[in-house]
Amino acid sequence: MAGTGLSFSAWAVATTAGLIIYGGTIYFVSIAMKWRIDHMLERLRLGIVVSTWRKGFHGQVAVFGVVLLVLLPAEAVVIGPNAGPAEPHRYVPPDKFVESQDLAQVTGTSTEGGDAVDATPDVTAQILEANLTLQWVDDDAREPPGGRLGLTAKNKPDTLRLTVKLAGGETTSREAANDPTTRNGEIKIGPLEASQGGDLNGWSITVECVSAGDVQGRLFTYAQDTGNAWTLYVEYTFMVKAAGNSTGGA
Amino acid sequence: MADEEKGEDLWSGRLGFLLAAIGSAIGLGAVWRFPYLAYEYGGGAFLIPFLIALFVSGIPLMILELGVGKTFRTSAPFAFMRVNRKMAWVGWATLMIGFVIISYYTVVLAWSLVYMFYSPSLAWGSNPQGFFDNEVLHLSSGPGAIGGISIAVLVMVIFTWIVIYLIVVKGIKMVSKVVMLTVPAPYILMTVLAFFSLRLKGADVGLEYYLRPDFQALMNPEVWLAAFAMIFFALSLSTGVMIAYASRLERKADVVNNSYIVSFLDIGYAFFAGVVVFSTLGYMASAQGVGMADVVTGGPGLAFATYPTAISMLPSGRATFGVLFFLMLFTLGIDSAFASIEAVALGLKDAGLNYKRVSLAICVLGGGLAALFATGGGYHWFWIVDNFFNEVGIVTMGILECFIIGYLYDPANFVRDVNETSELHIGKFWIYCIKYVTPGILAVMLVAKLIQTATTGFEGYPLWSLLAGGLLPLIVIGFLGVYMSRRWPGRD
C-alpha cells in the first residue's frame, strides 16, 4: 500500500478486531472440526501456552489477551507514534495536486411555457467550486406590418430562471428580467462549493423562460415573443495532478 | 411431523446448513451499511459497542432461533404455536415481513446485474448519480407518481425471481448445493477487490478514517443504539429463516457453536468489506483532492453512484473491477433472497400445502411486487417500506420472539435441550440476555424509531405515503397472521 501509512491507533484496532473476529472464527470452526489447537501448540513446544489453553475458556481468552499484549507494543515500536495522516478531517495532498481553473460554456434556447432546458456542461474534472453566469440578449422590437405604429413598439423584457440542483439535493434558483434599454440579461449564482453537494457529476443545471415579453405597441401587441437564446458560463476550480506525479496504479 | 415423513428435507451435512445460514445472514448491509456506520460512529471505536452487541444480543438471538427450529422441528408459525397457540401469528407475520422485504431486495439484485453489464462500457459516463436516477430508476417526483421503468431492470428482476424459484422449488437439497458456490463467491470476489483497492494511492487515508478510533463517540448513546441495530440486521434475525433452516437439522445437530460460526463469519465479512470500501473511497478522495466527507456515503448511493464514480477514476482495470464488484453484490444478496422465500415456502408446506405449487405462487407474487418497486415511483416506496418493515416490523417480531421463549416457554428447559447436543454450552447469561437485555434494547430501538417518525416524519415523504407504505401494511400483516394461524391450526 502506498501513501503515508496508517497510524498506530488504526493498526491497533485492525489487529485487535482481526484477532477477535478471525481468531474467534477459527476457534469456533476448530471446535466443530475437532481440531486440537493444544496439540498444534504442543508441537511448537509452547509448554506454558499449552497448559494455559487447556485450563478451558478462561485460559483460552488469556492466551488471546497475551498475544495482543505482545503484538500491540511491537506494532507501536515498528509503526512509530507519528505515523498516519496528521489531519484526519480533510485530506488534500498539496504536493501532488494543484488547483486549476477552467471555463465551460453551454448555449441553448428556452421557450415561454416550455420545459426547463438542461444546461449542465460536460465537465469530467472533479471540481472544488463553481460560479455560474447566465447571459442573454432580448430580441429587438420587430416592426409590425406596414410599420405605421412601429415607431412606438417595444419588446418587453424576458424573464429567465437559472436553477442548480446539487448532488446532495440542495437547490438554488434565481430569476431575472433583462434590462429593457440595453436588452442584456444576466443571472449569477455562486460560488457553489463541491462540499455542498459533491462534484459536478451529480449536479443538474437548467434554464427556463418564465415569461417572454411580447412586442407591444401603443395600442396592440404586434408580435409574440416566444423565448430567448442564452449562454451559460460555468467557471470552475478543480484539483489537477501536478506534473510528474502519479495518481496510483492497480 | 416425524423425521421420516420429511426425511428428504433434512440437510445432508453440517457444512451445507452452515453455508446456507451464513449466506442468509450476510447481505448487502455488510457492504453498504456497516462500513458507513463505523465511519459515522467513531471509526474503530465503533467496534467496541458492535462486538458487545454481538455477544449480548446477536449471538443469544441467533441461538434462540436455531434452537427453536431444532427443538420444535418445524417452521416459525408452528414452532411458536407449540409454545402457545395464540402466538402462531407471530411466526406468520415474521415470514410475511421477510417476504415483502425480499420483494424489493430483489430489485437491488437486479440493479447489480444491470450494472455488471454496464461496467465494461462504463455506461454511467461522467454523471453516475444522474444515470442511476434517470436511466436506471426513472425516478419520479414522489411516491404519488408511478414514473417509468427500465426494461433492463425489469428483465433482471424477472431473471432473479426465476433463479430464486429454480433453487427454492428443489428444496433444501438444492439449497445445500447452490450455497457451495454462492457463499464462498463473495468472499473470493471481495479478496480480489481488496487486492485491487489496497494498492491504490490514498487507500491508507480511507482506512485511517475507517479504523482510527474516536473513543469520545462511545459517550453518545446513539452510537450504542446503532451498533445493536447493526448486529440485529447484519445477522438477518427475526425473518423466520434461521428457524426454518434449523428445523431441517438432524436431532443431534449442534446449535450453540453453529450460532457462533455463523455470527463470526458474518461480522468478519462486514469488517473485511469495510477495508475494501474505504480503501477505494480513500483513493477516490485523494484523486479528486477532496475530503473523505465528500465521498463517503452508504446505501444504494454507495453502490450505484459513488462506486461507479470510483470505478471510472481507476487508473486501470476498470471493467474488471466493475464486473467483480457488482457480481459480488449479486452473489451476496441472492442467498439471503432465496433463504427468505424458502422459509415462507417451508412454512406453508408445514401447513400442509403442496410445496412446489406454493413455491411457484410465492415467486410469481414476489416478482409482481418487485416489478412495482422497480418503477420510478417504486423507489420512493422502497425507502418507505424498508424503513417501516425493517425498523418497526422486524424489531417488533424480535421482541415477541424473546417474549415467547423467555416468558411463555421455560427458558431453563430450552437451555437444557440446546446444551444436550451442542459443543459449547449456554446458561444463565443467555437466559438473562433473552429475557431482559435483547428485548429491552430492541424496545428502546422501536420506541426511538416511532418517536422520530412521529416528530420528524421520514425523509420528507407525505404522511399518507408513510401510512400506506408503512404502518397500514404492517397492521394488515398482523391481522393476516392471525387469520393464517386459525386457517392452519397445525398438528400437535
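Candidates B:A351, B:A343, B:A305, B:A339: the one that is within 19 Å of B:M116 (Cα to Cα) and either at pLDDT 95 or above or small (G, A, S) (or both) is B:A305. The single condition from (1) at pLDDT 75 or above; (2) surrounded by fewer than 15 Cβ atoms within 10 Å (Cβ to Cβ); (3) farther than 20 Å from A:V106 by Cβ that A:R183 fails is (2).
Taking the stretch B:1-84 as the region of interest, the helices (runs of 4 or more DSSP H) fully inside it that hold 2 or more residues being surrounded by fewer than 22 Cβ atoms within 10 Å (Cβ to Cβ) and within 12 Å of chain A (Cβ to nearest Cβ) are B:14-25, B:47-53. I'd like to check something: does the stretch B:275-285 contain any residue that is surrounded by fewer than 24 Cβ atoms within 10 Å (Cβ to Cβ) and of a type in the set (G, A, S)? Scanning the stretch B:275-285, I find no residue that is surrounded by fewer than 24 Cβ atoms within 10 Å (Cβ to Cβ) and of a type in the set (G, A, S), so the answer is no.
Scanning the stretch A:12-29 for residues that are within 14 Å of A:G65 (Cα to Cα), of a type outside the set (A, V, I, L, M, F, W, C) and within 7 Å of chain B (Cβ to nearest Cβ) yields a total of 1. Could you go through the stretch A:28-37 and let me know if any residue there is at pLDDT 90 or above and within 30 Å of B:Y283 (Cβ to Cβ). Taking every residue of the stretch A:28-37 in turn, none turns out to be at pLDDT 90 or above and within 30 Å of B:Y283 (Cβ to Cβ).
Restricting attention to the stretch B:244-283, the residues that are at the interface with chain A (Cβ under 8 Å from one of its Cβ atoms) and outside any helix (DSSP H, G or I) add up to 1. Kindly indicate whether any position in the stretch B:324-332 is touching a Gly at 6+ places or on another chain (Cβ under 9 Å), in contact (Cβ under 8 Å) with a residue 60 or more places away in the chain and either at the interface with chain A (Cβ under 9 Å from one of its Cβ atoms) or buried (at least 24 other Cβ atoms within 10 Å of the Cβ) (or both). The answer is yes; a qualifying residue exists.
Only one entry of A:V98, A:V63 meets the criterion of being more than 30 Å from B:E40 (Cβ to Cβ), more than 8 Å from every other protein chain (Cβ to nearest Cβ) and modelled with pLDDT of 80 or more, and that entry is A:V63.
Within the stretch B:460-480, track down each residue that is within 18 Å of B:K86 (Cα to Cα) and of a type outside the set (F, W, Y). Of everything in the stretch B:460-480, those that are within 18 Å of B:K86 (Cα to Cα) and of a type outside the set (F, W, Y) turn out to be B:I475, B:V476, B:I477, B:G478, B:L480. Just one of the listed residues (B:F232, B:F264, B:F304) is among the hydrophobic types (A, V, I, L, M, F, W, C), crowded, with 24+ Cβ neighbours inside 10 Å and within 29 Å of B:T396 (Cβ to Cβ), and it is B:F232.
Go through the stretch A:30-49 and count every residue that is within 51 Å of the chain's Cα centre (by Cα) and without any contact (Cβ under 8 Å) to a residue 12 or more places away in the chain. Adding up the residues that qualify gives 5. Within the stretch B:286-296, the only residue that satisfies the criterion of being assigned to a loop (DSSP other than H, G, I, E, B), surrounded by fewer than 24 Cβ atoms within 10 Å (Cβ to Cβ) and more than 7 Å from chain A (Cβ to nearest Cβ) is B:V296. Picking from residues in the stretch B:410-426 that are surrounded by fewer than 19 Cβ atoms within 10 Å (Cβ to Cβ) and touching a residue at least 40 places away in the same chain (Cβ under 8 Å), the one that is nearest to B:A93 (Cα to Cα) is B:D417.
Note on the stretch B:106-192: enclosed helices (runs of 4 or more DSSP H) holding 1 or more residues that are buried (at least 21 other Cβ atoms within 10 Å of the Cβ) and within 20 Å of the chain's Cα centre (by Cα) are B:151-168, B:172-182. Residue check: B:L225 meets all listed conditions (1) of a type in the set (A, V, I, L, M); (2) outside any loop (DSSP other than H, G, I, E, B); (3) within 14 Å of another protein chain (Cβ to nearest Cβ) but one, namely (3).
The values are calculated or read from the model by the stated rules, or taken from the named source; none is laboratory data. Remember, predicted model here, so these are calculated numbers, not experimental data. When we count neighbours, we look across all protein chains shown, and the Cβ atoms used for this are built from the backbone with ideal geometry, even at glycine.
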